[in-house]
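The values are calculated or read from the model by the stated rules, or taken from the named source; none is laboratory data. Just so it is clear, the model here is predicted, and its values are computed rather than measured. Backbone-built Cβ (ideal geometry, glycine too); neighbour counts: all protein chains shown. Please note that ligands, DNA and RNA were not included when accessible areas were found on the heavy atoms of the full protein model with its side chains. Shrake-Rupley method; radii C 1.70, N 1.55, O 1.52, S 1.80 Å.
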Amino acid sequence: MSGMASTTRVAGVPMIAQRRCGAPRPSTPKGISSRSSAMRNQALPLRSPMVELKAKPATRVHRAARVQTCASAAIVAASSGGTPAPEGFKWGADMKTLSLAVAIGTAIWFCPAPAGVTIQAWHLLAVFVGTIVSIITTPLPLGAVAFLGLGAAMLTKTLTFAQAFSAFSTEIPWLIAIAFWLSKGFIKSGLGNRIAYSIVSKFGSTTLGLTYSLVFAEALLAPAIPSVAARAGGIFFPLAQALCLACGSDPKNGTEKKLGAYVMKTCFQTTTISSAMFITAMAANPLAVSLAYDSLGATISWGQWALAGLVPGLLILTTVPALLYVIYPPEVKQTPEAPANARKELEKLGPLSTDEKITAFAFAVTISLWIFGAQIGVNAVAAALLGLGILLITGVVEWKENLAQGASWETLSWFAALIAMANHLNKFGFIAWFSDKVVGLIGGLGLQWQASFGIITLLYFYSHYLFASGAAHIGAMYTAFLSVSIAMGTPPLLAAIALGQLSNVMGCLSTYGIGSAPPYFAAGYVPQSKWYQLGFMLSVYYIAVWLFVGGAWWKVIGLW
């Protein structure tokens, strides 16, 4: 009976379960070779008849036990249906937040367009606002959200394909992406660790000391590198990232709050200040100077701009690291053993490796062209591609590693998409209409010039949520707001310099408002909600310092 039971297939039990319970495998049909069967025959030695005879009583007992196990398996399998229940359908997006974004965009779409605004401009505003809401609430990754926005704009024939993807042929999005790829060589070669350990060995006894060293190093380079995206994304972002990783703060391991969240947010925020302090620290500043010349008939010199920004800029650079240290503190504050440990790590690294020397050369070439390239007609992207080419050709970085950097492609996607939509809001006339309304509103209030300029500044500053670059904002609104400021009695040179400098500072608000934001945000150290919250809080402080402390300083130097 036991032999029969062991060879009988139990109904309702999958064959694989019966095999595990000891049932014999089906024999291989004649004429068909079985590789697995042959391998079993080769692997198992032949047993002598005496051993077989002695083993039979025990074998029967084990077979009986296996039959019982098979019967139990049959009951369990039959009760569960034999196969696992299929999982229910699962959305790939957070449908609540996605529905909210769609509802807001739809509501704007079907509202009547105000007088003076074309239907095309109004519909693009609806798509743009819906996309911004989705970027803030993140029902999908940012790149996916941005592409859905572009898709909606094209499906509704609000934008053509060429218009929707126009920003993918502009400089800033690609410069940011290439900065990510350059940073790969900076970290992979070990040069980033070496520089990070050198900084830690000198300033690393406190997190605050480390952060101040990065902030003022970036500010010192700001006048020489006229692209904040190149300066922040190509130089100081990879350095800050290497420093955080060297100190054991990595969002992949859940240790972002240990050090990195505070360092990354502080380094980003201060790039907006250093960019404001010098005409040559941000690519759009000369545009403001040019537009001011058209309105005033006078040129703002490099020295006038720098002198005006000196006191408010230095005050903010000095206080923001300490302020964020209180409102967004790192978990690790005191690291008295860090300098000694960093020196030990430097000793282990030994002399510069070949890859480090190549990387240092590539960065030296790239940075030199960022500083002096304009004089020989080499733009920032061409300079970055030359540096990247050196790393690729010498094997320091492989192209497949760049392809695997999801953050770079994600940032390129959503940033270019927002730039395209924001640019066409301006081209379709919405920004001009908005500026005219603001000018008319403030002009009719009859306020003193100080109060009028304060209101103008606030409206100009916070309208930056509608823009994905400082250049676009300056080109669209600077002249109109400067004109109404002067009409309200604001000293012309004061108004021109203040609005020009604040065109950089307002980049602090969002993840897309200035070229330095995307790389720091995409590193994953600071959650998006916290990024916006801290950006708004600090913006209030920045405006207060620039208008009140700066205003007093401008009185001293004779701007009014």
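Out of all the residues in the stretch 365-409, which are outside any helix (DSSP H, G or I), of a type outside the set (Gly, Ala, Ser) and more than 16 Å from Pro519 (Cβ to Cβ)?
To start, the set of residues in the stretch 365-409 that are outside any helix (DSSP H, G or I) comprises 377-379, 394-398, 404-405.
Next, only the ones that are of a type outside the set (Gly, Ala, Ser) stay: 378-379, 394, 396-398, 405.
Within the stretch 365-409, Val378, Asn379, Thr394, Val396, Val397, Glu398 meet the criteria.
Take Met506 and tell me if it is over 17 Å from Trp414 (Cα atoms), touching a His at 6+ places or on another chain (Cβ under 9 Å) and assigned to a helix (DSSP H, G or I).
Details: over 17 Å from Trp414 (Cα atoms): yes; touching a His at 6+ places or on another chain (Cβ under 9 Å): yes; assigned to a helix (DSSP H, G or I): yes.
Taking the combined requirement at face value, the residue satisfies it.
Condition first: assigned to a helix (DSSP H, G or I) and within 28 Å of Gly550 (Cβ to Cβ). Can you find one or more residues in the stretch 253-262 that meet it? I'd like the intermediate steps shown before the answer.
Taking the stretch 253-262 and keeping what is assigned to a helix (DSSP H, G or I), we get 253, 260-262.
Now narrow it down to the ones that are within 28 Å of Gly550 (Cβ to Cβ): 262.
Yes, the stretch 253-262 has at least one match.
Using the structure shown, decide if Ala362 is within 27 Å of Ala523 (Cβ to Cβ) and either at pLDDT 90 or above or touching a Leu at 6+ places or on another chain (Cβ under 8 Å) (or both). It would help to see each step written out before you state the result.
Working: within 27 Å of Ala523 (Cβ to Cβ): yes; either at pLDDT 90 or above or touching a Leu at 6+ places or on another chain (Cβ under 8 Å) (or both): yes.
Considered against the rule, which asks whether it is within 27 Å of Ala523 (Cβ to Cβ) and either at pLDDT 90 or above or touching a Leu at 6+ places or on another chain (Cβ under 8 Å) (or both), Ala362 comes out as yes.
So which of Ala152, Ala103, Ala107, Ala177 is open to solvent by less than 20 Å² (accessible area, probe 1.4 Å) and either part of a helix (DSSP H, G or I) or of a type in the set (Ser, Thr, Tyr) (or both)? Write out each step before concluding.
Numbers: Ala152 fails: open to solvent by less than 20 Å² (accessible area, probe 1.4 Å); Ala103 fails: open to solvent by less than 20 Å² (accessible area, probe 1.4 Å); Ala107 fails: open to solvent by less than 20 Å² (accessible area, probe 1.4 Å).
None of the other options fit; the residue is Ala177.
Matching residues to (1) at pLDDT 95 or above; (2) not in a helix (DSSP H, G or I):
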residue: Thr280; (1), (2): no, no
residue: Ile300; (1), (2): no, yes
residue: Gly303; (1), (2): no, no
residue: Pro312; (1), (2): yes, no
residue: Ala322; (1), (2): yes, no
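Test Leu208 against the criterion of being at pLDDT below 85, part of a helix (DSSP H, G or I) and open to solvent by 20 Å² or more (accessible area, probe 1.4 Å), and give yes or no. It would help to see each step written out before you state the result.
Numbers: at pLDDT below 85: no; part of a helix (DSSP H, G or I): yes; open to solvent by 20 Å² or more (accessible area, probe 1.4 Å): yes.
Answer is no for this residue.
Report yes if some residue within the stretch 528-540 is assigned to a loop (DSSP other than H, G, I, E, B), modelled with pLDDT under 95 and not charged (D, E, K, R); otherwise report no.
Within the stretch 528-540, the first condition is being assigned to a loop (DSSP other than H, G, I, E, B), and the residues that meet it are none.
No, the conditions are met nowhere in the stretch 528-540.
With Ala552, Ala495, Ala544 as the choices, which residue is open to solvent by less than 10 Å² (accessible area, probe 1.4 Å) and either of a type in the set (Phe, Trp, Tyr) or assigned to a helix (DSSP H, G or I) (or both)? Give the derivation first.
Values: Ala552 fails: open to solvent by less than 10 Å² (accessible area, probe 1.4 Å); Ala544 fails: open to solvent by less than 10 Å² (accessible area, probe 1.4 Å).
Selected residue: Ala495, the only one of Ala552, Ala495, Ala544 that is open to solvent by less than 10 Å² (accessible area, probe 1.4 Å) and either of a type in the set (Phe, Trp, Tyr) or assigned to a helix (DSSP H, G or I) (or both).
Which one is modelled with the lowest pLDDT, of the residues in the stretch 155-170 that are surrounded by fewer than 16 Cβ atoms within 10 Å (Cβ to Cβ) and not in a loop (DSSP other than H, G, I, E, B)? Write out each step before concluding.
First, pick out the residues of the stretch 155-170 that are surrounded by fewer than 16 Cβ atoms within 10 Å (Cβ to Cβ): 155-157, 160-162, 165, 168-169.
Filter once more, keeping what is not in a loop (DSSP other than H, G, I, E, B): 155, 161-162, 168-169.
On the way: Leu155: 96, Phe161: 96, Ala162: 95, Phe168: 90, Ser169: 87.
This residue is Ser169.
Could you grab me the full set of residues in the stretch 282-298 that are open to solvent by 10 Å² or more (accessible area, probe 1.4 Å) and either of a type in the set (Asp, Glu) or in a helix (DSSP H, G or I) (or both)?
Taking the stretch 282-298 and keeping what is open to solvent by 10 Å² or more (accessible area, probe 1.4 Å), we get 282-283, 286-287, 289-291, 293-298.
Of everything in the stretch 282-298, those that are open to solvent by 10 Å² or more (accessible area, probe 1.4 Å) and either of a type in the set (Asp, Glu) or in a helix (DSSP H, G or I) (or both) turn out to be Pro286, Leu287, Val289, Ser290, Leu291, Tyr293, Asp294, Ser295, Leu296.
So Phe434 clears everything in (1) touching a residue at least 12 places away in the same chain (Cβ under 8 Å); (2) under 30 Å from Lys357 (Cα atoms); (3) part of a helix (DSSP H, G or I) except one condition, right? Which one?
(2)
Among the residues in the stretch 213-230, are any of a type in the set (Ser, Thr, Tyr), closer than 20 Å to Lys257 by Cα and assigned to a helix (DSSP H, G or I)?
Pass one, the stretch 213-230, residues of a type in the set (Ser, Thr, Tyr): 213, 227.
Next cut, closer than 20 Å to Lys257 by Cα only: 213.
From what is left, the residues that are assigned to a helix (DSSP H, G or I) are 213.
So far as the stretch 213-230 goes, yes, one or more of its residues are of a type in the set (Ser, Thr, Tyr), closer than 20 Å to Lys257 by Cα and assigned to a helix (DSSP H, G or I).
Specify which of the listed residues (Ala230, Ala219) is under 23 Å from the mean Cα position of the chain (by Cα) and either of a type in the set (Val, Ile, Thr) or over 17 Å from Ala364 (Cα atoms) (or both).
Details: Ala230 fails: either of a type in the set (Val, Ile, Thr) or over 17 Å from Ala364 (Cα atoms) (or both).
One residue alone meets the criteria, Ala219.
Against the condition within 17 Å of Val505 (Cα to Cα), surrounded by fewer than 24 Cβ atoms within 10 Å (Cβ to Cβ) and in contact with a helix residue (DSSP H, G or I) (Cβ under 7 Å, 6 or more places away or on another chain), how does Ile279 come out, does it pass?
Working: within 17 Å of Val505 (Cα to Cα): yes; surrounded by fewer than 24 Cβ atoms within 10 Å (Cβ to Cβ): yes; in contact with a helix residue (DSSP H, G or I) (Cβ under 7 Å, 6 or more places away or on another chain): yes.
Here the answer is yes, as Ile279 does meet what is asked.
Could you check the stretch 491-550 and list, in sequence order, the residues that are among the aliphatic types (A, V, I, L, M), in contact with a helix residue (DSSP H, G or I) (Cβ under 9 Å, 6 or more places away or on another chain) and under 16 Å from Thr270 (Cα atoms)?
Of the residues in the stretch 491-550, the ones among the aliphatic types (A, V, I, L, M) are 493-499, 502, 505-506, 509, 514, 517, 522-523, 526, 534, 537-538, 540, 543-545, 547, 549.
Restricting the remaining residues to those that are in contact with a helix residue (DSSP H, G or I) (Cβ under 9 Å, 6 or more places away or on another chain) gives 493-499, 502, 505-506, 509, 514, 517, 522-523, 526, 534, 537-538, 543, 545, 547, 549.
Matches in the stretch 491-550: Leu502, Val505, Met506, Leu509, Ile514, Ala517, Val526, Leu534, Met537, Leu538, Ile543, Val545.
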